[in-house]
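This report refers to the structure that appears directly beneath it.
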Amino acid sequence: MSKFEGWFCDTCGDIIKKAEDGWMEWIEFEDIKGKQKGRNLRLVHHKPASPKKSEHGCQFNGDYEFRKDRGVIHDLSLRDFLGPNSLMFLLSLVAENRLPIQEVLEMIKRLHIPGYEHARFHFDRAISEGVFEPNTLKGYYWQSDINAILKYIEKM
Ligand SMILES: [Zn+2]
């Protein structure tokens, strides 16, 4: 396994080694005005692959989320969900305004911009050490910038 394969689990922080082990999930609920809203879009270990031995592993606890705001879990296997269909689906979430847009944009970058998932924790440090000079919107760096970061963290 290359150092830069896989995704980081939003619950336990460990690596999700392969798509089969990944699960994308979020919560939908009705706000006080009765409007359908979404929250907490995240990428986690599918329960059978989770290093956490608790009942729900890294996935949401449906009872707990329901008690919070009558939220209901929505989820998709990462295995069924890579490639163009995943990008189209995430774009449809934006179009329908089903989730906070920053959450969806971050997920699009994590799943579709090569190297982003592994580079994203090192942006500030790489910039302060002169690894690349940002000339884009913060967090929306060029592929050459991301590649420079990956090279930089490989040496760490
Ligand atoms: Zn996990």
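Read the figures in this text as sums done on the coordinates, not as results from a lab. As the structure is a prediction and not an experimental result, all values here were calculated from the model. Note that we place each Cβ from the backbone using ideal geometry, even for glycine, and neighbour counts take in every protein chain shown.
See the values below:
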| item | result |
| --- | --- |
| Principal-axis tilt of helix 84-96 within the chain, Cα atoms, nearest 10 degrees | 60 |
| Order of Y141, Y152, Y116 under a 10 Å beta carbon neighbour criterion, fewest first | Y152, Y116, Y141 |
| Residues C12 and R70, FRET efficiency given R0 of 30 Å [Cβ-Cβ distance, rounded to 0.05] | 0.70 |
| Net dipole in debye of the range 1-112 [+1 Lys, Arg Cβ; -1 Asp, Glu Cβ; about Cα centre; nearest 20] | 160 |
| Lys pairs, the chain - Cα-Cα below 16 angstrom, 8 or more residues apart or on other chains | 9 |
| Burial ordering of W142, W23, W7, fewest other beta-carbon atoms within 10 Å first | W142, W7, W23 |
| Summed side-chain charge close to P134 - residues other than P134 whose Cβ falls under 13 Å, Lys, Arg +1, Asp, Glu -1 | -2 |
